[in-house]
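Have a look at the structure below, then the notes.
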Amino acid sequence: MEIKTVGIVGAGQMGNGIAHVFALAGYDVTLNDISQEALDRGLATIRKNLDRQVAKEKIAGAARDEALGRIRATLSLPELGQSDLIVESASERETIKNAIFEDLQPHLKPTTILTSNTSSISITRLASRTDRPERFMGLHFMNPVPVMQLVELIRGIATDEATYKTMLDLVDSLGKTAASAEDFPAFIVNRILLPMINEAVYTLYEGVGSVRSIDTAMKLGAAHPMGPLELADFIGLDTCLAIMNVLYDGLADTKYRPCPLLTKYVEAGWLGRKSGRGFYDYRGETPVPTR
């Protein structure tokens, strides 16, 4: 299964990063979103991040220009159908993902491989709603995509060996490292990471420490590059809550119960960096803890 063309659904934080790495690796990319504003913002982010790589002498200026030339943006989802590979990177809501694959299905080539960048939703269940569960996989990039080395590969129960091997080779061609995970809620990284973040929120909720003290303790005491509450804001508190709910619902274990304070922040619309407020307030020159 040779992959030359890639269709990416979603030009947001993850989608534009995925487009960036595919284009830089020599793939022709078609990037889709539901609004021109989102596409323009995504393309601007790709250019900015490529410029940063040139400035740091990680890539040459010619490589940047060639990568930008390989990316085409479109508002039309059906235009992605003739791609060799589709990477769905829309909101972390199963209904939205199912609707995207349903809309794509009439336009797909018989050989097209479907993947989802979901961080927690069942690959087997997503695949079962398509006409090609054997050619469906989880392709979970880490954020920020151009920087992070890992890609989780998740096989659904019906994924065939040829599809899996093709995705292994593809990840290698991007200069990244694959970690294969079984199709259980939140896979590997988020199965471990999100309960830690949730526990940090409980530590705040119960008054054990302040936002600042919790993040400082984990950065200096456990050598984490970013404190757990700062990281939650970076990920998006709505995404953190969605993953915790997937773990809680999927594994039926009370240790995965989302902290009520996390739910309260999401209900308030305080979703982290993307909304201007979360566990920190980002509306000034420097972030200020909100508790």
- request: Of all residues in the stretch 3-58, count the ones that are more than 23 Å from residue 100 (Cα to Cα) and either among the polar types (S, T, N, Q) or not assigned by TED's automatic domain parsing to the domain that holds residue 172 (or both).
  value: 3
message: Just to check your reading of the model, which residue among 161, 152, 199 is among the acidic types (Asp, Glu), at pLDDT 95 or above and assigned by TED's automatic domain parsing to the domain that holds residue 230?
response: 199
- request: Say whether the condition of being of a type in the set (A, V, I, L, M), more than 28 Å from residue 270 (Cβ to Cβ) and in contact with a strand residue (DSSP E or B) (Cβ under 9 Å, 6 or more places away or on another chain) is met by at least one residue in the stretch 206-223.
  value: no
- prompt: In the stretch 85-118, which residues are in contact (Cβ under 8 Å) with a residue 24 or more places away in the chain and among the aliphatic types (A, V, I, L, M)?
  reply: 85, 86, 87, 90, 100, 104, 108, 113, 114
field: Single match in 47, 70, 64 (criterion: in contact with a helix residue (DSSP H, G or I) (Cβ under 7 Å, 6 or more places away or on another chain), basic (Lys, Arg) and within 17 Å of residue 84 (Cα to Cα))
entry: 70
task: Answer yes or no as to whether residue 232 is surrounded by 16 or more Cβ atoms within 10 Å (Cβ to Cβ), in contact with a strand residue (DSSP E or B) (Cβ under 7 Å, 6 or more places away or on another chain), outside any loop (DSSP other than H, G, I, E, B) and at pLDDT 95 or above.
output: yes
query: Would you say residue 217 is among the small types (Gly, Ala, Ser), under 17 Å from residue 92 (Cα atoms) and not in a loop (DSSP other than H, G, I, E, B)?
result: no
- prompt: Can you tell which of 214, 154 is farther than 28 Å from residue 50 by Cα and touching a His at 6+ places or on another chain (Cβ under 7 Å)?
  reply: 154
Filter result for residue 217 (without any contact (Cβ under 8 Å) to a residue 24 or more places away in the chain, hydrophobic (A, V, I, L, M, F, W, C), surrounded by 14 or more Cβ atoms within 10 Å (Cβ to Cβ) and not assigned by TED's automatic domain parsing to the domain that holds residue 152): yes
message: Quick check on residue 232: is it within 22 Å of residue 121 (Cβ to Cβ) and touching a helix residue (DSSP H, G or I) at 6+ places or on another chain (Cβ under 9 Å)?
response: yes
- request: Read through the list (1) without any contact (Cβ under 8 Å) to a residue 24 or more places away in the chain; (2) over 22 Å from the mean Cα position of the chain (by Cα); (3) assigned to a helix (DSSP H, G or I), then give the number of the only condition that residue 263 fails.
  value: (2)
- request: Only residues that are assigned to a loop (DSSP other than H, G, I, E, B), in contact with a helix residue (DSSP H, G or I) (Cβ under 9 Å, 6 or more places away or on another chain) and of a type in the set (Gly, Ala, Ser): list them for the stretch 195-214, please.
  value: 209, 210
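The values are calculated or read from the model by the stated rules, or taken from the named source; none is laboratory data. Just so we're clear, the structure is a prediction, and the values are computed from it rather than from any experiment. When we count neighbours, we look across all protein chains shown, and the Cβ atoms used for this are built from the backbone with ideal geometry, even at glycine.
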